[in-house]
Amino acid sequence: MVPMSMLAQQANWEASLLIGGTAYQGDLTSEWYPSLSETEAIYSLMLKRNISPTLGLRFMGAYATYKGEDPYKYRGYTFHARAAQLDMTVEWEPLGKRRYPGSYQFYRQISPYIFAGIGTIYYEATPVFPITDDEALLTRIEKDESFKFPSIMPVLPIGVGVKMDINRRWAFTIEAGTQTAFSDDLDGISNAANPSANDWLAFGRAGFVIRFLPKDSDRDGLADIDDACPKVKGNWSAQGCPDRDEDGVEDLEDLCPDSYGVAALNGCPDRDGDGVADILDRCPYEAGPKAAAGCPDWDQDGLSDVDDSCPKLPGSNALNGCPVLDVDADGSISDEKNYCIPAMQKTQQAFETSVESIDAILQSLPFFYFIIDINCQNDTFDF
């Protein structure tokens, strides 16, 4: 089965109908494993409460028949029995978390599990003893025949299984296990055989699992109670509303419904990551400030480099980004201040501070004299 990612919520309850076989292991078996030729039918109905993605509490009712035939021909015992059982087991599915990788997500998988618990069995066995002249054996047979049926015993079922998801609502499961009632009377034969060993019942069964999911009118995997658009099929990332580009912004609020974007830009993409949506960005492949419509602005004067006649000097829009060099209109710019871009000013200030310290040290030496000229306007440092 190919894994498939779908939308879903974890079901709190699920039910199973299981059919299989049960085999007896006790006084009338010569091997440690059950005999397939003596396998009888078992029918089980299970209700499971999911505590977490990996743990569940199972409540199960079952009806089974089982039989046995003595392999020792000199005795020739046989029996046939029927039983009804109720038990409560804990199921541990170590890979269960993979089924729900995220909120409202479902991942179809094949997952093993183990279970163990406690229950009670109500059974009735009909043993058949041959006629014998052995007085000692006859006495033991009479003790077994005096045992009162039907009888009730506690049982401890344990087992393993595999669950195969069909979709988020249905799964197929197969499991096998065994159980003991701490009694040697499950077959009605004890004193006449081996009273020191308890009887066991092995079982194998398979069936379908149905998960009880919360109401989902539009069948988009999001329960109506959590669905912002319960009547319209949508995406879980958009709270159940339609979201064609699956960016988490529903189509009614998405300014770019067919392009994957970010919620901060109303669902529009921003390829250069400058905070300006591509549909408003004059330079969508180059990062720039919003004031320059997303284009680079090297001198940070609010005018993009492509529109700036002096891209390396901060200026005004009236002069296409160029500064007024002769502010006092005296025909000379030697008495005007230097124009530096903000980033260069910071570098200049830090550099001047370092130079002053170094220059003081060097001038204290008799054989050094260090002259430094900083020309901010031309972005140069002359030594």
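Give the residue that is farthest from Cys283 (Cα to Cα), with candidates limited to residues of the stretch 301-317 that are small (Gly, Ala, Ser) and buried (at least 20 other Cβ atoms within 10 Å of the Cβ).
The extreme case among them is Gly315.
With respect to (1) buried (at least 18 other Cβ atoms within 10 Å of the Cβ); (2) under 30 Å from Lys48 (Cβ atoms); (3) of a type outside the set (Phe, Trp, Tyr), the lone exception for Cys268 is condition (2). Filtering Gly240, Gly275 for residues that are surrounded by fewer than 19 Cβ atoms within 10 Å (Cβ to Cβ) and either more than 27 Å from Asp216 (Cα to Cα) or touching a residue at least 12 places away in the same chain (Cβ under 8 Å) (or both) leaves a single hit, Gly275.
Every condition in (1) at pLDDT below 90; (2) closer than 28 Å to Gln85 by Cα; (3) among the aromatic types (Phe, Trp, Tyr) is met by Phe115 except one, and the failing one is (1).
For the stretch 107-144, a tally of residues being of a type in the set (D, E, K, R) and without any contact (Cβ under 8 Å) to a residue 24 or more places away in the chain returns 4.
Residues are listed down the side, and each one gets a yes or a no for (1) part of a loop (DSSP other than H, G, I, E, B); (2) over 20 Å from Gly96 (Cβ atoms); (3) outside the structural domain of Ser35 (by TED's automatic domain parsing):
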site	(1), (2), (3)
Gly159	no, no, no
Arg168	yes, no, no
Ser196	yes, yes, no
Arg205	no, yes, no
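Within the stretch 18-35, being exposed (fewer than 14 other Cβ atoms within 10 Å of the Cβ) and within 19 Å of Gly61 (Cα to Cα) holds for one residue alone: Ile19. What about Asn191, is it buried (at least 18 other Cβ atoms within 10 Å of the Cβ), touching a residue at least 40 places away in the same chain (Cβ under 8 Å) and in the same structural domain as Lys48 (by TED's automatic domain parsing)? Criteria met by Asn191. Pairs linking a residue in the stretch 18-41 that is over 21 Å from Glu124 (Cβ atoms) to a residue that is modelled with pLDDT under 90 and of a type in the set (Ser, Thr, Tyr), with Cβ atoms under 7 Å and 6 or more positions apart or on different chains, are Ser35/Thr29.
Filtered by the rule that a residue be over 30 Å from Leu28 (Cβ atoms), of a type in the set (Phe, Trp, Tyr) and at pLDDT below 95, the stretch 79-112 gives Tyr100, Tyr104, Phe106, Tyr107.
Identify the residue in the stretch 23-70 that is of a type in the set (S, T, N, Q) and part of a loop (DSSP other than H, G, I, E, B) and, among all such residues, is modelled with the lowest pLDDT.
Only one residue fits best here, namely Ser30.
Take the residues in the stretch 248-294 that are of a type in the set (Lys, Arg) and part of a loop (DSSP other than H, G, I, E, B); name whichever of them is modelled with the highest pLDDT. Only one residue fits best here, namely Arg271. A Cβ distance below 8 Å, combined with a sequence gap of six or more or placement on separate chains, defines the contacts here; from the stretch 299-318, residues that are part of a helix (DSSP H, G or I) reach residues that are basic (Lys, Arg) in the pairs Val306/Arg282.
The values are calculated or read from the model by the stated rules, or taken from the named source; none is laboratory data. Just so it is clear, the model here is predicted, and its values are computed rather than measured. Glycine gets a Cβ as well: all are built from the backbone with ideal geometry, and neighbour counts include every protein chain shown.
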